[in-house]
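Each remark here refers to the structure printed beneath this line.
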Amino acid sequence: MTNTFFRLAYRGLLRNKKRTALTALAFIIGYVGLLILAGYTYRVNNVLLNQAIYLNMNGHIRIQKIGAENYWAAPLKYLISQDHILAIIKELQIFDDNIEFVGEKLKVASQIVYDDKTYPVFIDGYSLNAEKRARTHPKLQQSLSGFFSYVPTPLIQTKVNSVGASITPELSHIMGIVTRDPIAPPAFDAQLVGLDFESNLNAIDIIVNRRHLTSSAFMRNYSVEMDIESARRLTNVDGASEINIFLKSEVNLNQFLNNTNDLLEKKFPQQFKAELFSTDEVSPEYTGNMSFLMVMMVFFLIIIGGSVILSILNVLTMSIMERKSEIGTLLSLGYSKFQVRKIFIYESFILGTFGIFIGYIISLFFASVINNLEFTFTPPGALGVAFIRIDINILLGFYIAIIMLLPLLILSYFATCKQTQKKLVHLLNDNEGGT
Amino acid sequence: MAASTLLELNDVEKTYLLGEVKVPALSKINLKINTGEFTTIIGPSGSGKTTLMNLIGSLDTPDAGQILFEGLDISNLTNNRRSEYLNKKIGFVFQSFNLIPVLSVFENVELPLLVIEKMSAQERHDRVAWCLDNVGLFDFKNYRPDQLSGGQRQRVAIARALSNHPKLILADEPTANLDSKTAHQIINLLLDLNEKYNLTFLFCSHDEKLIKRVRRVIHLSDGSILND
């Protein structure tokens, strides 16, 4: 019987080819629009995600002392000691199958002295091994390449066992060091001065031989990156502000977070907490930008998807009205109301599936054209100029298909309900569709 | 063998509401149809013929009275019971043929059989072939309804009505849209099927010239039976 319903539905669509073609076109346009938008959002999410994890050295999971949101008020109090760092890393060995590598970060407020002038800075000191692995990570390189004009590199070695520091082009400009290429350094000597964590005045000499970009608008004028050992010398401590865990791809993040917090509570009660990179506390740039994008995506989804579905429903309703006699005939032959409704649902299904198939091919073509045209723009929180890139894949196409098809099928069912609820005698007395 | 009562109407009434005006369509109808009978209901336009057919076919519900089909009250069936009743017990032949235009002759006749779950494709094929043979249209099985004449379309409708081997075939003015020659051919076909297979027919028309071969004629006027 399913074959007959499909046959009825398919031939019903062919009854008025022009109307069917226009309806299919409306669906295709809606699907293409949504898929292109989703492809852009997907790509941007990919970029921002890898930025947050690898470029900003947050890792997938960040471990801090409980109360570390007050770190800047009392850094020594919320510092993780070297003994604790080693103990935590030892306990984390049970998750070795899931962990790619672990890094430490020390955050310091200081001042950079150059050419007899002093500029306030915030220093991020990274463990070198982790910093190198993160900044050269294939995921980061892949996601940024072709999207931004800037591709990050690790801290640059000055001599054996020593790396230079990095500042932002904006800070470089403030300090009066102007270059033609804001990313390429001229190296210069400077000094970092400030109070160590025991409030003693301290200073270290540095070589600034690299520039880096940051997605944080606030940090652009203040950000300095260096190795953690230099940061420790400046602050006269051996600990870290946070431990950053970088996971392998296939790990379930929420599950790992729960396991980590359970472990921390068990081994170090009431001392440490683990957080996901995707929270406001860890990556406000990521959550802020993604929230904005998702709101826009949902808005357009409702507008475009809603318009398309409603226009198809309008056409379907007209078609149902024209075939009241046919509905009555099927009911009089012993077909149930649900079986009759199925025919019209199949019509929507055939139309939608056809639209999805053609729409996916057209989307691939449009995405290819847009990507090759290399339109540029400067998004908020950007690492310089960005190219508009659309990433379309089968899974994304499938999700958009479900988002469009499911409401269409459900609403088609309800659209046919009204007619099939009518008395048989009234349906059969309408001879407009009969032969 | 004595014929058994297939259909029984007891004090059946039906009133329509046109705005605020109540129009009595049927008034205390009492009627019995036996198995194998070919009964014709004759009456002018507005006499209540179609209303009576609709009530018997469960296309509408009576306001009063009882309609018993094989002893079962069909006056107020649930949706599922009505579908089962229409599929297994009743065959309809409509005035406007009511064929599905996008299906072929074969597919139209097959439609009632698709609801029957335990029927194989081969059994369906054989049944449809038998039906089309009986109406003389087997060679037209791949034609679409719009490729047939009026008389041929009505034959397809008759074949469809036969396909599920119903207990009762209801034909509501099946010849109204046909020329007189074709109309007589259709009536003769129905009568032949009645004689050949002892099928029970309830046929209604406003044309008394068509009923010369019919044994039982019920005259309906203003919603009441004048004579039977």
Legend entry - Nearest-20 debye value, the range A:58-279 charge dipole, Cβ charges on Lys, Arg, Asp, Glu: 300
Inset, instruction - With 23 Å as the limit, write out which pairs from A:337/B:28; A:90/A:139; A:132/A:248 have Cα-Cα distances beyond it, or answer none. - result: A:337/B:28; A:90/A:139
Legend entry - Compactness index (Cα Rg / 2.2 N^0.38 Å), the range A:58-279: 1.04
Legend entry - chain A - mean residue ellipticity at 222 nm from DSSP helices (-39,500 (n - 2.57) per run, n ≥ 4, rounded to 500): -16500 deg cm²/dmol
Inset, instruction - Find how much the distance from residue A:200 to residue A:141 grows on full extension, using 0.36 nm per residue of separation minus their present alpha carbon separation; answer in nm with one decimal. - result: 17.2 nm
Legend entry - Of all DSSP beta bridges in the protein assembly as shown, antiparallel share, percent nearest 5: 70
Inset, instruction - Between residue A:14 and residue A:388, with labels modelled 7 Å along Cα→Cβ, what's the label distance in nm to one decimal, could you check? - result: 4.0
Inset, instruction - Set Lys and Arg Cβ to +1 and Asp and Glu Cβ to -1, take the dipole of chain A about its Cα centre, and tell me which of A:358, A:345, A:130 lies farthest positive. - result: A:345
Legend entry - All lysines inside 20 Å of residue B:181 as judged from Cα atoms, apart from same-chain residues fewer than 8 positions distant: B:209, B:212
Inset, instruction - Could you tell me what percent of the DSSP beta bridges with both partners in the range B:5-227 are antiparallel, to the nearest 5? - result: 55
Inset, instruction - Determine the dipole magnitude for chain B: charges of +1 sit on the beta-carbon of Lys and Arg, -1 on that of Asp and Glu, nothing else is charged, the reference point is the Cα centre, and the result goes in debye to the nearest 20. - result: 320
Legend entry - Those aspartates and glutamates that a straight Cα-Cα span of less than 14 Å connects to residue A:423, excepting residues fewer than 8 apart in one chain: A:326, B:60
Legend entry - Partners for residue A:105 among aspartates and glutamates (Cα-Cα distance below 17 Å; same-chain residues under 8 apart left out): A:69, A:83, A:124, A:131, A:196, A:225, A:227, A:229, A:238, A:242, A:275, A:281
Legend entry - Fully extended contour minus Cα-Cα distance, from residue B:188 to residue B:149, at 0.36 nm per residue: 12.3 nm
Legend entry - Whole-number D in µm² s⁻¹ for the protein assembly as shown, Kirkwood Cα-pair radius fed into Stokes-Einstein, 4 °C, 1.567 mPa s: 41
Inset, instruction - Collect residues whose amide H, placed 1.01 Å from N in the peptide plane, falls under 5 Å from the amide H of residue B:169; neighbours closer than 5 in sequence don't count. - result: B:91, B:200, B:201, B:202
Legend entry - Sites residue B:142 and residue A:262, calculated FRET efficiency, Cβ-Cβ separation with R0 60 Å, nearest 0.05: 0.25
Inset, instruction - Determine the shielding of peptide B:101-107 by partner chains: average, over its residues, the number of Cβ atoms on other chains within 10 angstrom of each Cβ. - result: 4
Inset, instruction - Please report A:211, B:81, B:124 as a ranked list, fewest other C-beta atoms within 10 angstrom at the top and most at the bottom. - result: B:81, B:124, A:211
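Just so you know, all these numbers are worked out from the coordinates, no wet-lab data involved. Because the structure is a prediction, the values reported are computed rather than measured. Every residue, glycine among them, receives a Cβ derived from its backbone with ideal geometry; neighbour counts consider all protein chains shown.
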